[in-house]
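The structure appears below as structure tokens.
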Amino acid sequence: MGDTEATVKSKKTVFVTVGTTSFDALIRAVDTQEVKAELLRRGYTQLLIQMGRGSYIPTKSEGGDETLAVDCFTFSSSIADHLRAASLVISHAGSGSIFETLRHGKPLIVVVNEDLMDNHQSELAEELADRKHLYCARPQTLHRVIADMNLDSLIPYHPGDATPVAKLVSRFLGFADD
Amino acid sequence: MACTVATALIIVITTLIVTRLLYVLHRTGKPLKPRSSKGSAPQQPLSTLIVLGSGGHTAEIINLLSVLQKDRFTPRFYIAAATDNMSLQKARLLEETSSSQFMQIYRSREVGQSYITSVWTTLIALAHGFWLMLRIRPQVILCNGPGTCVPLCVIAFLFKIVGIRWSSVFYVESIARVQRLSLSGLLLYKLHIADQFFVQWPQLQRKYPRAHYVGCLM
């Protein structure tokens, strides 16, 4: 997956994104030694974190031998570029982030925010995980999911389309089928 | 004597309103009659109101708009919450024609607002919605949550009962709803306000048999 890796040689970037939300529990989780060690073990070299409105600031690092290079920012207008450059995406459970990542064909771990009051977002992540389009985790299980994941077993997501709705709406209103 | 007349009047009026309500409920969800037969006059376009939610909601409805035959749904009116600047921008990108109109509506309650002040803001939001709906009087309403669309759809239903305008309401439940309907969706489904109700996952269609399962929009 992804054809940009060849140009940046051995760089393998993990992109973490929380969209417009604040999700400190996720940023804290990726900043732990056990998650970073697991990512290193799986061959990733860079960790880029989009932290949104969160207040927890991860420890940056230049990287080098046996450590991940860690960088972070709050917001960016070029999320698509970061997604394209990533070898693995770790995202919050917002449908926008999920489908944008899947459209880019990147392996994805969705981390569900358990602090949200109306936590319907886990429904979508779990359904897509059941269908093997992504992995679903909680902040405290993230390191285990990274350790156990098998990216080759993921099934590419084929974007849906709205044609069936458009047909039904037109037919209901009495327009002739085309 | 006056008393009996008043009672009789009240009974007659109540009966009329209930009859009309039952008729509207009976007609809601039934397809409209075919619009013009082949070879005769071209099919008349329908004025259409598109209620933009925010974020993922807006993305989904824009996917729907991109496959709708625009010439059938003209003119188009877009309404988004006053605090949501992104959605109208996205809709403007989609619309080249100048016949489309873009409006914003006050929200009844912002996140974190106190309940006492939200009584007042809800009244303002309703009055504003009423005013917008009187101006637009759409024949078609397309919406997919969250809350902004509910008062507009309820006002459309009142217009049906009073006879101001018959609008067909289409609601697409968000792709994020896999097991349970959103509150907006549940209200429009249970109250029979939506003429057609679409869900994107088969599990929901099994729970809500009047819904149409249409697969994923994203």
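The values are calculated or read from the model by the stated rules, or taken from the named source; none is laboratory data. Just so you know, these numbers come straight off a predicted model, no measurement behind them. Every residue, glycine among them, receives a Cβ derived from its backbone with ideal geometry; neighbour counts consider all protein chains shown.
Numbers at a glance
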quantity	calculated
Residue match in the range B:145-158 (condition: surrounded by fewer than 16 Cβ atoms within 10 Å (Cβ to Cβ) and over 18 Å from A:SER95 (Cα atoms))	yes
Number of the condition not met by B:LEU191 [criteria: (1) within 17 Å of the chain's Cα centre (by Cα); (2) more than 14 Å from chain A (Cβ to nearest Cβ); (3) within 24 Å of A:GLN121 (Cα to Cα)]	(3)
Residue list for the range B:48-77, filter: polar (S, T, N, Q) and assigned to a helix (DSSP H, G or I)	B:THR58, B:ASN63, B:SER66
Conditions (1) free of Cβ contacts under 8 Å to residues at least 40 places away in the same chain; (2) assigned to a loop (DSSP other than H, G, I, E, B); number of the one not met by A:GLU126	(2)
Filter result for the condition that a residue is hydrophobic (A, V, I, L, M, F, W, C), in a loop (DSSP other than H, G, I, E, B) and farther than 19 Å from B:LEU46 by Cβ, over B:ALA125, B:ALA80, B:ALA176	B:ALA176
First in the range A:154-178 and facing chain B (nearest Cβ under 8 Å), second anywhere and β-branched (Val, Ile, Thr), Cβ under 6 Å, 6 or more apart	A:ALA162/B:VAL67; A:THR163/B:VAL67; A:PRO164/B:VAL214; A:VAL165/B:VAL214; A:ALA166/B:VAL67
Which numbered condition B:SER66 misses (of (1) at pLDDT 95 or above; (2) within 29 Å of A:ILE98 (Cβ to Cβ))	(1)
Where A:THR101 falls short, out of the listed (1) surrounded by fewer than 17 Cβ atoms within 10 Å (Cβ to Cβ); (2) more than 11 Å from chain B (Cβ to nearest Cβ)	(1)
Residues within the range A:105-130 that are surrounded by fewer than 16 Cβ atoms within 10 Å (Cβ to Cβ) and more than 21 Å from A:ALA25 (Cβ to Cβ), tallied	2
Any hit, the range A:132-140, residues being under 17 Å from A:VAL18 (Cβ atoms) and within 8 Å of chain B (Cβ to nearest Cβ)	no
Matching option when the condition is more than 10 Å from chain A (Cβ to nearest Cβ), assigned to a helix (DSSP H, G or I) and touching a residue at least 24 places away in the same chain (Cβ under 8 Å), among B:LEU132, B:LEU158, B:LEU186	B:LEU132
